[in-house]
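Notes follow the structure.
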Amino acid sequence: METQSANPSPTPNIPQDAPSNPPQETPVATAQNPAKPRNQKHIYIILALIVLILFVAGSYTLMMSGKKTQTTVNPQPTSLPVAVYPTAITTPAVTPITSSNVDQTLNNTDTTMQQAINQTDTDLNSINNIDKSQDSTNGL
Amino acid sequence: MRLKQFIAATAFAGTFIASSALPVFAQNFGNGLIRDVNRLENQATKTAQRQENQLQNIIQRADTLITNRLTSLTNLNNRVQNDSKLTSSEKSSLSAEIQTDINGLTTLKAKIDADTDFATARTDAKQIITGYYIYAVFEPKIRLLIVINNLQTVTANIQVLVPQIQNLINTFQSQGKNVSQLQSLLNDASSQLQTINTTLTNDITTVQNVSVNSGTSGAETTFAQVRQDIAQVVRAGFAKIRSDFSQMRTLFHELIIAGQPVSSSSATVQTPSVIITKTPTSTATGSPATITP
């Protein structure tokens, strides 16, 4: 009997220990709360994933924009500084002249001729202003 | 015996006198020689220095002449490239001519800078003027070519309109309208354009044939003739064409405002409003009187 009382079975020990330990509720707490940490873990994982995705997307965008700027910047030093000028139009694209646009067309033509004359005056004046005496060999 | 003694004594005395005077003479003679040598050396040094100065002066002056010309040529090239009416081929041709002179002057500058002889440097410096005549021949030539090419482009653009206007006149005529005045004006404008174009084509060839070898007087004669063509043929022709077009606008306006449609349906509906709204501006801008040939 003494041996039985001295060596109680492990199962009865638990109830014996349970009352002695007030944190007996802690297992209950741990049994009830696991939902919160798990949710929090999920939230953290989701947030981490979002941050990761944003980071990857941002870095990808930066990479692409960097490539674009490289492609636009690099050719400049390699290419000669050739100025691109608007190519002159030899023959204008003339839409058929009708009664609805004949006045406008003739008006524009008149303006064009006036501008051509003005430009001619400017250019001829610039020729007049050339100091031809600079081509004298006197003194050399 | 006495004679012998006398001769011996005289010889001795003469030798004595000569031996005593000779060093003095030699010294005087040597000093004169040194002076002369020094003087000649100094003259040579001064001459060399003067020639060196002249060489540097001519090099400096030549550099200035070339720099001024390179600046003028660069400005001229910019004028060509920035022109809105010149064709690409015209720009290329004119720029190539300019670039040839730029390269030639740059090479000449390097040669002059390396010259060690005044006479050579002077000859090379003259070449800056006579080899290029940048101001008397080249720049006026290029600028005249710009003018003529631009006028020819404008003329060609207006010539494209002639058959278009002719079609419209034909349309009015097919509708029984009296287009005799319009036709006469268009014929005159077309004739003026043809004359202008022929004149400009010939002038381009004439100006292109001007070179440094033409000399300044020959070039001036050619340029004066071309400028006369521009004033008497082109400007006067443009003035006449503007006058023709101005009268044609009035005639077209009268025909359209008569309310008789030229073409079918929608286009004719818009016609009166367009013409009416444009009439005030057309009278204001279409003033050929501003041209002074």
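No lab work stands behind these numbers, since they all come straight from the coordinates. Because the structure is a prediction, the values reported are computed rather than measured. Glycine also receives a Cβ, built like all others from the backbone with ideal geometry; neighbour counts cover every protein chain displayed.
Details
- Per residue of peptide B:134-144, the mean number of Cβ atoms on other chains within 10 Å of the residue Cβ is 4.
- Karplus (6.51, -1.76, 1.60) ³J(HN,Hα), θ = phi - 60°, over region B:122-134, in Hz, Gly and Pro reported as x: 5, 4, 5, 5, 5, 5, 4, 7, 6, x, 9, 6, 4
- Listed peptides B:30-38, B:134-142 appear in the order B:134-142, B:30-38 once ranked by packing, highest mean of other Cβ atoms within 10 Å at the front.
- Alpha-carbon Rg/Rh ratio, for region B:88-230, with Rh computed the Kirkwood way: 1.26
- Fewest-first sequence of B:Val234, B:Val154, A:Val51, B:Val162 by Cβ atoms within 10 Å of each Cβ: A:Val51, B:Val162, B:Val154, B:Val234
- Backbone HN-Hα couplings from phi across region A:115-122 [Karplus 6.51/-1.76/1.60, Hz, Gly and Pro as x]: 5, 5, 5, 4, 5, 4, 4, 4
- Pairs of C-alpha atoms in region B:60-147 farther apart than 21 Å represent 33 percent of all such pairs.
- Alpha-carbon centroids, region B:191-234 and region B:70-119: separation in whole Å: 23 Å
- Number of partner chain Cβ atoms within 10 Å, mean per residue of B:162-172: 3
- Set A:Lys132/B:Lys85; A:Lys132/B:Lys240; B:Lys85/B:Lys126; B:Lys85/B:Lys109; B:Lys46/B:Lys126 screened for pairs whose C-alpha atoms are more than 30 Å apart: A:Lys132/B:Lys240; B:Lys85/B:Lys126; B:Lys85/B:Lys109
- Eligible aspartates and glutamates near B:Lys141 by straight Cα distance, threshold 17 Å, same-chain separation 8 or greater: A:Asp121, A:Asp123, A:Asp131, A:Asp135, B:Asp83, B:Glu90, B:Glu97, B:Asp101, B:Asp203, B:Glu220, B:Asp229
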